[in-house]
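The values are calculated or read from the model by the stated rules, or taken from the named source; none is laboratory data. Please read all numbers here as calculations on a predicted model, not as lab measurements. Cβ atoms come from the backbone with ideal geometry, glycine included; neighbour counts cover every protein chain shown. Protein only, heavy atoms only, side chains kept; ligands, DNA and RNA dropped before computing areas. Shrake-Rupley method; radii C 1.70, N 1.55, O 1.52, S 1.80 Å.
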Amino acid sequence: MTGEELKRRAAERAVSLVADGMRLGLGTGSTARHFVALLGARVREGLDVVAVPTSEATRAQAEAEGIRLTTLDETPELDLTVDGADELDDRLRLIKGGGGALLREKIVAAASRRMVVIADGSKRVAVLGRFPLPIEVVPFGLGATRRAVAAAAERAGCRGALSLRSAPDGAPFVTDGGHYILDGAFGRIEDPEALAGALATVPGVVDHGLFLGLATGAVVASEEGLAELGRL
Ligand SMILES: O=C[C@H](O)[C@H](O)[C@H](O)COP(=O)(O)O
C-alpha cells in the first residue's frame, strides 16, 4: 500500500466519526486533505456540518468541496477537529507545522472538544524530535529572537541548528499569519513540556509545533491495519 493509501485509510476512519450537526475543525496537509475530500463527498450526499479551516489552503479546498465554512468568531466552540501530524508519540503528544499551519491549527484544536490525529505509521515515534520542530516567529528582530530561542531550548536540554524556513523561490517562507518559521533540529526532545515552557518565554515566538494535551485520539494506518490511540 502506498503512503497516500494509508493516509486515506486513516482519513476514512475519521470521517466515520462525523455526524449531522457537528461543528468541525479541518486540518492542513496531505493527510488532512484526504479527510476534507471524503467529508466533501458526504456533504454532497446530505451531511449537514459546519467547519473552520486551519489554513488558506484548506479553506480553498473545503470551499471547492462545498463544505459550509464558519469562523471561530461565529462558532467559538467546535465538536471535533481532524488533523494530520508530523510526529506523534504514545502519549498523543505531537509535532506539527511541517506545512507551516501550526498557529491556526493549534488555535482550532484548542477550541475543539476532541482532536483526532490521522497519520500513516511513519509518523509514530518513541521520542519526539526527529522531525525538526517548527517555531513560528515574528519577522521583526529575527536575529535576536533566534539567539533567544537557542538559549531557551538549551535550558530545556535541546540543542541543534535553527534554520529559517525558505519558500521555493528562496525567500523566507511566510505563514498565513505573516510570520517566519525557524525549524529546530533538536534530534530528541526528552522533555517536550519543558521545551514548550521555555519557548513560551521568548517574546518573538508566536507559537511552536509542540501540541501537548490537545489530541484526544489518533488513527494510525499501517500495512498491519488501523491502530486507534486514545479516545476517538
Ligand atoms: O502545518 C502543517 C500541519 O501541521 C500538517 O498537519 C503536518 O505537517 C502533517 O502534514 P502531512 O499530513 O502532509 O504529513
Thr216 being farther than 19 Å from Asp86 by Cβ and open to solvent by 20 Å² or more (accessible area, probe 1.4 Å): no
Residues of segment 106-121 that turn out to be within 21 Å of Asp207 (Cα to Cα) and under 11 Å from the mean Cα position of the chain (by Cα), as a count: 7
Condition met for Arg8 (over 23 Å from Pro134 (Cβ atoms) and open to solvent by 10 Å² or more (accessible area, probe 1.4 Å)): yes
Qualifying residue in segment 170-178 (condition: modelled with pLDDT of 95 or more and under 26 Å from Asp90 (Cα atoms)): no
Any pair with Cβ under 6 angstrom, 6 or more apart, that starts in segment 92-103 at a residue that is more than 6 Å from the ligand (Cβ to nearest atom) and ends at one that is open to solvent by less than 10 Å² (accessible area, probe 1.4 Å) and in a helix (DSSP H, G or I): Arg93/Pro192
Counted residues, segment 109-152 - those being within 11 Å of the ligand (Cβ to nearest atom) and not aromatic (Phe, Trp, Tyr): 9
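Table: residues versus (1) closer than 18 Å to Gly27 by Cα; (2) open to solvent by 20 Å² or more (accessible area, probe 1.4 Å); (3) in contact (Cβ under 8 Å) with a residue 40 or more places away in the chain; (4) not β-branched (Val, Ile, Thr).
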site: Ala167; (1), (2), (3), (4): no, yes, no, yes
site: Gly170; (1), (2), (3), (4): no, yes, no, yes
site: Gly178; (1), (2), (3), (4): no, yes, no, yes
site: Leu195; (1), (2), (3), (4): no, no, yes, yes
site: Pro203; (1), (2), (3), (4): no, yes, yes, yes
site: Asp207; (1), (2), (3), (4): yes, yes, yes, yes
site: Phe211; (1), (2), (3), (4): yes, no, yes, yes
site: Ser222; (1), (2), (3), (4): no, yes, yes, yes
Residue match in segment 32-41 (condition: in the same structural domain as Val117 (by TED's automatic domain parsing), of a type outside the set (Gly, Ala, Ser), more than 15 Å from the ligand (Cβ to nearest atom) and closer than 30 Å to Val174 by Cβ): yes
Filter result (within 20 Å of the chain's Cα centre (by Cα) and more than 13 Å from the ligand (Cβ to nearest atom)) within segment 11-31: Glu12, Arg13, Val15, Leu17, Val18, Arg23, Leu24
